[in-house]
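Taking it in order: structure first as structure tokens, then the write-up.
The values are calculated or read from the model by the stated rules, or taken from the named source; none is laboratory data. Since we're looking at a predicted model, the values are computed, not measured. Every residue, glycine among them, receives a Cβ derived from its backbone with ideal geometry; neighbour counts consider all protein chains shown. What goes into the accessible areas is simple: the full protein's heavy atoms, side chains included, and nothing from ligands, DNA or RNA. Shrake-Rupley method; radii C 1.70, N 1.55, O 1.52, S 1.80 Å.
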Amino acid sequence: MDLQALIRDVPDFPKPGILFRDITTLLADPEGLKMSLDRLVEQCTPLQPDIIIGMESRGFLFGVHIAYQLGAGFVPVRKPGKLPRAVHSVEYQLEYGSDRLEIHEDAIPAGARVLIVDDLIATGGTAQATAQLVERSAGELIGFAFVIELKALAGREQLPQVPIVTLVQY
């Protein structure tokens, strides 16, 4: 099955000049969804994570399933104001602006092996910011997993030197 064929291109979203890779069509396809999740789990199993981090919101969709299948915990990374206790936070740049991410200060036990999961890596800003949150939490970053990689934006080059799993590259 060609996963790329299940991903819809949406021009000029969220602003003119951006070509958005829409995974809602992949998520709606039962076989494509199953294949995506199965392949992510298969490729992430050797990393042996203790904790899976998923970034709001599409990282939650894939991260929880991977955590469940690998017997790991799941920790959400959220936008500001969504977490009820003390947080670590970091501001970062997107290809179309800036944003901020937060994680509970006590979400990751010191030394826990952490895998960061999201639907897409573009410029790497969101993933790099999340890696900073793992570092502030005293976790050990062991890798990243993405459904889509936009290679032309070189986001991979912004990330720490750990394994990076991707299923579809543009």
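Residue check: Leu133 meets all listed conditions (1) farther than 23 Å from Arg39 by Cβ; (2) open to solvent by 40 Å² or more (accessible area, probe 1.4 Å) but one, namely (2). Of the set (1) open to solvent by 80 Å² or more (accessible area, probe 1.4 Å); (2) over 16 Å from the mean Cα position of the chain (by Cα), all apply to Leu61 but (2).
Within region 70-113, the only residue that satisfies the criterion of being touching a residue at least 40 places away in the same chain (Cβ under 8 Å), open to solvent by 30 Å² or more (accessible area, probe 1.4 Å), under 17 Å from Glu140 (Cα atoms) and in a loop (DSSP other than H, G, I, E, B) is Pro109.
Table: residues versus (1) of a type in the set (A, V, I, L, M); (2) on the phi > 0 side of the Ramachandran plot.
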site: Gly73; (1), (2): no, no
site: Val87; (1), (2): yes, no
site: Val90; (1), (2): yes, no
site: Asp99; (1), (2): no, no
site: Gly111; (1), (2): no, yes
site: Arg136; (1), (2): no, no
site: Gly139; (1), (2): no, no
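Residues checked against (1) touching a Cys at 6+ places or on another chain (Cβ under 6 Å); (2) within 15 Å of Leu167 (Cβ to Cβ); (3) modelled with pLDDT of 95 or more; (4) not hydroxyl-bearing (Ser, Thr, Tyr):
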| residue | (1), (2), (3), (4) |
| --- | --- |
| Gly17 | no, no, no, yes |
| Leu26 | no, yes, yes, yes |
| Asp50 | no, no, yes, yes |
| Glu105 | no, no, yes, yes |
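Taking region 47-62 as the range and being over 20 Å from Gly111 (Cβ atoms) and touching a residue at least 24 places away in the same chain (Cβ under 8 Å) as the test, the residues that pass are Gly54, Met55, Glu56, Arg58, Gly59, Leu61, Phe62.
Among residues of region 20-46 that are more than 17 Å from Gly63 (Cα to Cα), those with a beta-carbon under 8 Å from a residue that is modelled with pLDDT under 95 at least six positions away or on a different chain give the pairs Phe20/Phe13; Phe20/Pro14; Glu31/Met1. Looking only at region 1-48, residues that are open to solvent by 70 Å² or more (accessible area, probe 1.4 Å) and among the aliphatic types (A, V, I, L, M) come to 4 in all.
Among the residues in region 110-129, are any over 22 Å from Val162 (Cα atoms), basic (Lys, Arg), modelled with pLDDT of 95 or more and in contact with a Pro (Cβ under 9 Å, 6 or more places away or on another chain)? No, region 110-129 has no match at all.
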